[in-house]
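What follows is a set of notes on a single structure, which appears directly below.
The values are calculated or read from the model by the stated rules, or taken from the named source; none is laboratory data. As the structure is a prediction and not an experimental result, all values here were calculated from the model. Positions of Cβ are generated from backbone atoms using ideal geometry, with glycine treated the same way; all protein chains shown enter the neighbour counts. Just the protein is used for accessible areas: all its heavy atoms, side chains included, with ligands, DNA and RNA removed. Shrake-Rupley method; radii C 1.70, N 1.55, O 1.52, S 1.80 Å.
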Number of protein chains: 2
Amino acid sequence: MYKGGETDMKKRSVLLLVVVSMLCGMVLTMVFNQLPDAAGPDGGGTGLLASIGKKSDGLEQDEAEKLGTALEIIESNYYKDVDRDKLLDGAINGMMEALGDPYSNYMGKVTAEQFSESIEGSFSGIGAEVTSVDGYVEVVSPIKGSPAEKAGLRAKDVILSVNGESLQGLDLNAAVAKIRGPKGSKAVLTVKRPGSESSIEFQITRDDVDLETVTSRMEANGVGVIEISQFSLNTGERFAEELKSLESQGMKGLLIDVRNNPGGVLSVVIDIAGQFVPKGELIVQVENKAGKREEYLSKGSSKPYPVALLMNKGSASASEILAGALQQSAGAVLIGEHSFGKGTVQTSFDKQFDDGSLLKVTIAKWLTPNGSWIHEKGIEPDLQVSQPDYFAVAPLDKKQTLKFDMNSEDVTNVQIMLEAVGYEPGRKDGYYDRATEKAVKSFQSASKLKASGIVDEQTAKALEAALIEEIQDPGNDTQLNRGIAEVVKEIKSQASNK
Amino acid sequence: MYKGGETDMKKRSVLLLVVVSMLCGMVLTMVFNQLPDAAGPDGGGTGLLASIGKKSDGLEQDEAEKLGTALEIIESNYYKDVDRDKLLDGAINGMMEALGDPYSNYMGKVTAEQFSESIEGSFSGIGAEVTSVDGYVEVVSPIKGSPAEKAGLRAKDVILSVNGESLQGLDLNAAVAKIRGPKGSKAVLTVKRPGSESSIEFQITRDDVDLETVTSRMEANGVGVIEISQFSLNTGERFAEELKSLESQGMKGLLIDVRNNPGGVLSVVIDIAGQFVPKGELIVQVENKAGKREEYLSKGSSKPYPVALLMNKGSASASEILAGALQQSAGAVLIGEHSFGKGTVQTSFDKQFDDGSLLKVTIAKWLTPNGSWIHEKGIEPDLQVSQPDYFAVAPLDKKQTLKFDMNSEDVTNVQIMLEAVGYEPGRKDGYYDRATEKAVKSFQSASKLKASGIVDEQTAKALEAALIEEIQDPGNDTQLNRGIAEVVKEIKSQASNK
């Protein structure tokens, strides 16, 4: 584990948000309330949904008998006790798996609830993003306006126990399950704060907490940056707020950042894209099984300032709809890496079940304005920009000392780190040569460690700490900086054309 | 792919036998005919099976409705056409998966047939073991007494087409499916034989072919070696034949080789073990869900000569029963590697389905004579002996040229190969240093290649060919030789005690 490192922390925070929000992975949901018999939609989509919910037959007699026979055989003969509900859930999971579509899933009650929270962009809890550090649950940050923030919980606080139950030894998901709870319920947190000897107790009443899916800031040269972490139901409104605020500050160009954004609600991304695509032009097309296409056209208008979009291989689904729409219908430049490649639309069916379970089923393809299906292909950026290699470097195994003439992946990682913090190791292929040894010695001298040329635990930790500083330095976010530079260039070009 | 290399060929032959026989992996089967309603056994096992087939209820109304609703939702809404039979098979697969037991499986008709052939130790076809070499189907060896052998098919023959259908470009499984067919049907094979210019045609009438699961030979010093590749229904009889033959040749000690033997039929291994375990002593105990134990006692007697068993991490299930019985009840020495660790018994249910499908369900644990459950643990050998590392080396990527100062897994493999064929590379960690270069040059000179010190395609092929010779040399089978030496030692010790 990468103690406190931002690369890892970022991953782990995302992991946690996965628990809290995007538990079900890449998603592009059409939200509409189904009638109990799945007869039709009542909102969200329109004509296309007429094809949704056409009734097919349930189980035929012989089909029910075969499934029943299998169930009987298992229950009567298996060498351990069998949970019948698990078998039935397994049967539905198995049907979904038979489709061979990773985006069609069956969810039991608990998972279904988390999925709904993800779509809604809010959940009930204390509202703290947490991560796991050396087996301890550490607060990354309390969410703005949340019960946790109001109670005074701070970043770096370590949560030792909840309502008397220790979190020690639990994995992050299990710990989060204990911290969360229904609105109105009380969580008594015992917390160890860095710098204070004794532990502190917090009484926090859980409440509905909005996930922060949109953040913005104004960069130099009048470039506004809006980061969208996922497209939840409340993301459209939040985006409009942030955009308005940036515009009122005199923004001259906009960079939208959807890196690592796994997707969300179709109507929300259409709404956001509509703020940049000229009225009446295509945002996205949705094609059903029969090949019938539904066109989603912009009801908004284009902006007078240039717009660019930052994406990477974690940008999926709704993020790719936004990328396609901005590129093909709004003339925006796409910057960064090839996107994920998910070109299908799902919808949820839960009213048909009375036990809280839910089926998420792929109901359609979506196509970009020019009619291409990017599924399993992704979208190519106009400007290919990668992050420095050290953004993705793995933490070192502190148990092993590394030295001259060794050869391993850990040596590669040390070499990448050395280069990142300014000590040229000569090579980055995992062979610990004399040049690498020299670079280690230089780093050790500068870090006031014994210049042994050997990477022991202390040196490894110092190297990682130095690396984290580099990663945290916004100046090193190559993609972001290239994106901002591109917007600046377009602002200038626009000005000179006037 | 490792062209013609024995390691790989051996793997691929095994792979093929998987197709022909052990398609369903590790298995320990209790064979008995179930009544259509699974009411009881009629052979094979005894008292324990009274617990098999106690009837439970089929699908309840609400359960059938939930499954039916899921099926309806999928059929009505999924964005592609859906094969209803696949969904139902998926449902049963899903139930089996919910058990979390890799040995409980649902098989459709074709897989079920192959499984039955595996249990029976015979199949219908031409009877040639084949492998894939550079995309061509090459005969490894025709099975003794098979139609293929009678027709004159030989090792190294390449099968180009069957009944006019080319095998080129098919994967091995697909090619085998074309070669096989029902008893009495004709296969016209077009074959390219090494050394002959034009292709040859063979007309072969397919027949039932017995898999050769037992082979034996007499080594020096009167040590007999019997290799069992799997425990099929006909393996017991074949084992008795081979044992009798060795004994009639004056065998003084026996080494049984169950390396890479994935298991088979419970009654068969009990029968084989019974030839070495003193009468009335425990061979294996089978424990059902309720904790009730069935003891299987030897009806045979111990042998006057010493017996040892050779096993490795591919020795599973019935092989481990044999290992446990011989070690704990017959005083045999276990030699080689830690065994696989599969301590459960399965049985098949197919009479309940009228469409040829089959459920293989784990019905019990088995315990060694001293009562230990080796599941997921395996059995420790008395003498730990590993094969040389080059037995497991991966083939080289011929597209890449390897040279001084490079660093990769392919370099590691080159170094392992160099050492195996007698050119000490200095290191085996993947760094191509001067010593490795020197070893490559020496190898090249000895092989009449240009001594460039660079591993190009030609050198790589020569190196692999030289390695294959080493692997094919029985003198290098460290485990086997140690096993034979151990038996010799025991023969001597027995003689001196007399």
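So which of B:Thr215, B:Thr235 ends up being open to solvent by 40 Å² or more (accessible area, probe 1.4 Å) and either within 21 Å of B:Asn312 (Cβ to Cβ) or not assigned by TED's automatic domain parsing to the domain that holds B:Leu310 (or both)?
One residue alone meets the criteria, B:Thr215.
Looking at B:Lys398, B:Lys342 in this structure, which one is within 14 Å of chain A (Cβ to nearest Cβ), open to solvent by less than 40 Å² (accessible area, probe 1.4 Å), among the charged types (D, E, K, R) and assigned to a loop (DSSP other than H, G, I, E, B)?
That would be B:Lys342, the only listed residue that is within 14 Å of chain A (Cβ to nearest Cβ), open to solvent by less than 40 Å² (accessible area, probe 1.4 Å), among the charged types (D, E, K, R) and assigned to a loop (DSSP other than H, G, I, E, B).
Per-residue answers, yes or no, for (1) under 23 Å from B:Leu67 (Cα atoms); (2) not acidic (Asp, Glu):
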| position | (1), (2) |
| --- | --- |
| A:Leu87 | yes, yes |
| A:Gly94 | yes, yes |
| A:Glu97 | yes, no |
| A:Asp101 | yes, no |
| A:Gly108 | yes, yes |
| A:Ile119 | no, yes |
| A:Ser122 | no, yes |
| A:Val133 | no, yes |
| A:Glu138 | no, no |
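Name the single residue, out of those in region A:357-379 being of a type outside the set (A, V, I, L, M, F, W, C) and away from every other protein chain (no Cβ under 11 Å), that is farthest from A:Thr29 (Cα to Cα).
The residue in question is A:Asn370.
Which condition number in (1) in contact (Cβ under 8 Å) with a residue 24 or more places away in the chain; (2) within 14 Å of chain A (Cβ to nearest Cβ) is the one that B:Ile321 fails?
The number of the failed condition is (2).
Within region B:422-432, can one find any residue that is basic (Lys, Arg) and touching a helix residue (DSSP H, G or I) at 6+ places or on another chain (Cβ under 7 Å)?
yes
Of all residues in region A:347-356, which are more than 8 Å from chain B (Cβ to nearest Cβ) and either under 30 Å from A:Gly378 (Cα atoms) or open to solvent by less than 20 Å² (accessible area, probe 1.4 Å) (or both)?
Answer for region A:347-356, where residues must be more than 8 Å from chain B (Cβ to nearest Cβ) and either under 30 Å from A:Gly378 (Cα atoms) or open to solvent by less than 20 Å² (accessible area, probe 1.4 Å) (or both): just A:Ser348.
Return the only residue of B:Leu170, B:Leu87 being at pLDDT below 90 and within 30 Å of A:Ala98 (Cα to Cα).
Answer to the selection: B:Leu170.
Looking at region B:369-386, which of its residues are open to solvent by 50 Å² or more (accessible area, probe 1.4 Å) and either in a loop (DSSP other than H, G, I, E, B) or more than 14 Å from B:Asn312 (Cα to Cα) (or both)?
B:Asn370, B:Trp373, B:Glu376, B:Lys377, B:Glu380, B:Asp382, B:Ser386
Taking only region B:226-248 into account, find how many residues are under 26 Å from B:Thr478 (Cβ atoms) and more than 14 Å from the chain's Cα centre (by Cα).
5
Can we say A:Lys299 is more than 19 Å from the chain's Cα centre (by Cα), open to solvent by 10 Å² or more (accessible area, probe 1.4 Å), charged (D, E, K, R) and farther than 27 Å from A:Ser104 by Cβ?
Considered against the rule, which asks whether it is more than 19 Å from the chain's Cα centre (by Cα), open to solvent by 10 Å² or more (accessible area, probe 1.4 Å), charged (D, E, K, R) and farther than 27 Å from A:Ser104 by Cβ, A:Lys299 comes out as yes.
Does A:Arg180 satisfy the criteria of being assigned by TED's automatic domain parsing to the domain that holds A:Gly127 and farther than 24 Å from A:Gln114 by Cβ?
No.
For A:Ser245, are the conditions met, namely being more than 15 Å from A:Lys299 (Cβ to Cβ) and modelled with pLDDT under 95?
Against the criterion (more than 15 Å from A:Lys299 (Cβ to Cβ) and modelled with pLDDT under 95), A:Ser245 does not qualify.
Could you identify the single residue in B:Asp389, B:Asp433, B:Asp429, B:Asp410 that is within 14 Å of chain A (Cβ to nearest Cβ) and touching a Lys or Arg at 6+ places or on another chain (Cβ under 9 Å)?
B:Asp433
Of the numbered conditions (1) open to solvent by less than 70 Å² (accessible area, probe 1.4 Å); (2) outside any helix (DSSP H, G or I), B:Pro182 satisfies every one except a single condition; which is it?
The failed condition is (1).
Filter region A:206-242 down to residues that are free of Cβ contacts under 8 Å to residues at least 12 places away in the same chain and outside any helix (DSSP H, G or I), then give me how many there are.
Summing the residues that are free of Cβ contacts under 8 Å to residues at least 12 places away in the same chain and outside any helix (DSSP H, G or I) in region A:206-242 gives 1.
Tell me, which residue of region A:404-453 that is assigned to a helix (DSSP H, G or I) and in contact with a Ser or Thr (Cβ under 8 Å, 6 or more places away or on another chain) is surrounded by the fewest Cβ atoms within 10 Å (Cβ to Cβ)?
Residue satisfying both the conditions and the ranking: A:Lys441.
Can you tell me how many residues in region B:269-287 are in a helix (DSSP H, G or I), open to solvent by less than 10 Å² (accessible area, probe 1.4 Å) and touching a Gly at 6+ places or on another chain (Cβ under 7 Å)?
Of the residues in region B:269-287, 1 are in a helix (DSSP H, G or I), open to solvent by less than 10 Å² (accessible area, probe 1.4 Å) and touching a Gly at 6+ places or on another chain (Cβ under 7 Å).
Can B:Gln230 be described as surrounded by fewer than 17 Cβ atoms within 10 Å (Cβ to Cβ), in the same structural domain as B:Ala330 (by TED's automatic domain parsing) and polar (S, T, N, Q)?
The answer is no for B:Gln230.
I'd like to know if region A:382-402 contains one or more residues that are assigned by TED's automatic domain parsing to the domain that holds A:Val286 and closer than 18 Å to A:Ala273 by Cα.
no
All but one of (1) away from chain B (no Cβ under 14 Å); (2) crowded, with 18+ Cβ neighbours inside 10 Å; (3) modelled with pLDDT of 95 or more hold for A:Ile471; which doesn't?
Against the list (1) away from chain B (no Cβ under 14 Å); (2) crowded, with 18+ Cβ neighbours inside 10 Å; (3) modelled with pLDDT of 95 or more, A:Ile471 comes up short only on (3).
Looking at region B:320-334, is at least one residue in contact with a Gly (Cβ under 6 Å, 6 or more places away or on another chain), closer than 25 Å to B:Met218 by Cβ, open to solvent by less than 30 Å² (accessible area, probe 1.4 Å) and of a type outside the set (Ser, Thr, Tyr)?
Scanning region B:320-334, I find no residue that is in contact with a Gly (Cβ under 6 Å, 6 or more places away or on another chain), closer than 25 Å to B:Met218 by Cβ, open to solvent by less than 30 Å² (accessible area, probe 1.4 Å) and of a type outside the set (Ser, Thr, Tyr), so the answer is no.
Being outside the structural domain of A:Asn93 (by TED's automatic domain parsing), touching a residue at least 40 places away in the same chain (Cβ under 8 Å), farther than 30 Å from A:Gly263 by Cα and surrounded by fewer than 18 Cβ atoms within 10 Å (Cβ to Cβ) narrows it down to one residue among A:Gly195, A:Gly152; which is it?
After ruling out the rest, the residue left standing is A:Gly152.
Can you report the number of residues in region A:189-244 which are in contact with a helix residue (DSSP H, G or I) (Cβ under 7 Å, 6 or more places away or on another chain) and charged (D, E, K, R)?
Count: 3.
Kindly state which helices (runs of 4 or more DSSP H) lie completely within region A:60-177 and contain at least 1 residues that are within 24 Å of the chain's Cα centre (by Cα), at the interface with another protein chain (Cβ under 9 Å from one of its Cβ atoms) and not polar (S, T, N, Q).
Filter on region A:60-177 gives A:84-98.
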